[in-house]
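Visitor: If you scroll down you'll find the structure; I have some questions about it.
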Amino acid sequence: MIIDLPQNSQNEVVLINNSMKIENGILKLYFPINFQENMYELTYFMKGKEKCFYCSRTFPKDKITLDHLVPQDFGGPTIPNNLLPACKRCNSEKTNMLKPFYDRYLSLSTNGEKSQFLSDFQQISRFLHRWYGLVFIQDWLEEKEIENIIVNISLDSSYRGKKYKKIKEYYKQYGHLQKPLILDRRNFLLDGFTALMFAKDNGIKKVPVIVLENVEVIF
Ligand SMILES: [Zn+2]
């Protein structure tokens, strides 16, 4: 898939900050990368840091956060296409709701209705995780053999911490990975190291990935 880049970046070099630039329409990330941080910076660069997408109010710069349109809970990746500036109140109110559910939630008037809705949503959410997996981002997904994914650090046991345990528990409960791995155009791993390690440990040969065709790590 192609990630959203600033409109003027097709034919000129755009320096975003010290860790990334855009050249010939390709976003270049300098190694070592902090992928999530890079994507947050890029999104603020493109979509601003003033206006909340949900309530349309304007805020001082440090009061704006970034919301995942498709929640991370449902595999929503941290890339500009899936990030929207949101005030802290709207972001925390939306929590892990998908947009149509959040719209419905906002239309309810009493606290009683709202708390009933939230508890119903948790039920539905378990059902969606079980039977629909990563359906909300399926247009961006591919499957890849893990041996074709390039990593530059060795997979060692020091990484089997809390995050690893969470991946394991989700997999046990729902039978698939919660989030896709993110790769650059040459299949270099940008995000999802722990999930890759989990897959290797458990003999999972193919994993869901999002390949960013216009992103490249440079060394
Ligand atoms: Zn808001």
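What follows draws every value from the coordinates through simple rules; no lab data is involved. Nothing here was measured: the structure is a model prediction, and the numbers come from that model. Reconstructed Cβ throughout: ideal geometry from the backbone, glycine too, with neighbour counts over all protein chains shown.
Visitor: At 7 Å along Cα-to-Cβ for each site, give me the label-to-label distance between R126 and E169 in nm.
Guide: According to this spin-label approximation, the distance is 1.4 nm.
Visitor: Quick one: putting +1 on the C-beta of Lys and Arg, -1 on the C-beta of Asp and Glu, what dipole do you get for the chain around its Cα centre, in Debye to the nearest 20? Before the final figure, lay out each step's value.
Guide: On the way: 30 positive and 25 negative charges, 157 e Å.
Taking the Cα centre of the chain as origin, the dipole is about 760 debye.
Visitor: May I have the extent of the alpha carbons of the chain along their three principal axes, as whole Å values ordered from largest to smallest?
Guide: Computed over the chain, the largest-to-smallest principal extents equal 55, 44, 30 Å.
Visitor: For the pairs K47/K166; K99/K206; K63/K114; K21/K206; K61/K163, flag any whose C-alpha to C-alpha distance is greater than 28 Å. Kindly include the intermediate steps, with their values, before the conclusion.
Guide: On the way: K47/K166 32 Å; K99/K206 30 Å; K63/K114 25 Å; K21/K206 32 Å; K61/K163 31 Å.
Over 28 Å Cα-Cα: K47/K166; K99/K206; K21/K206; K61/K163.
Visitor: Taking 45 Å as R0, compute the FRET efficiency from the Cβ-Cβ separation of S119 and I218 and round it to 0.05. The partial results should precede the final answer.
Guide: Numbers: r = 48 Å, r/R0 = 1.07.
The computed FRET efficiency comes out at 0.40.
Visitor: Rounded if a/c is under 1.5, else prolate if a/b beats b/c, else oblate: with a ≥ b ≥ c from the C-alpha gyration tensor eigenvalues square-rooted, which is region 135-218? Kindly include the intermediate steps, with their values, before the conclusion.
Guide: Values: a/c = 1.93, a/b = 1.22, b/c = 1.58.
Note, shape of region 135-218 comes out oblate.
Visitor: If you take the beta carbon distance between Q10 and K61 as r and set R0 to 25 Å, what does 1/(1 + (r/R0)^6) give as a FRET efficiency, to the nearest 0.05? Intermediate values should be presented prior to the final figure.
Guide: Details: r = 28 Å, r/R0 = 1.11.
Computed FRET efficiency for Q10 and K61: 0.35.
Visitor: On full extension of the chain, what length is gained from N17 through I2, given 0.36 nm per residue of separation minus the C-alpha to C-alpha distance?
Guide: 3.3 nm
Visitor: Of F121, Q10, P71, whose Cα points farthest to the positive end of the dipole of region 1-158 (charges on the beta-carbon: +1 Lys, Arg; -1 Asp, Glu; origin at the Cα centre)?
Guide: F121
Visitor: Right, next: Is there a quick way to get the dipole size of region 155-219? I mean about its Cα centre, with the Cβ of Lys and Arg at +1 and of Asp and Glu at -1; what is the value in debye to the nearest 20? Before the final figure, lay out each step's value.
Guide: Numbers: 13 positive and 7 negative charges, 79 e Å.
Result for region 155-219 is approximately 380 debye, rounded to the nearest 20.
Visitor: Determine which residues of region 78-108 fall in the zone a paramagnetic label at Q36 would reach in this model, i.e. backbone nitrogen under 20 Å from the point 7 Å along Cα→Cβ.
Guide: Residues 78-98 qualify, since their backbone N sits under 20 Å from the label point.
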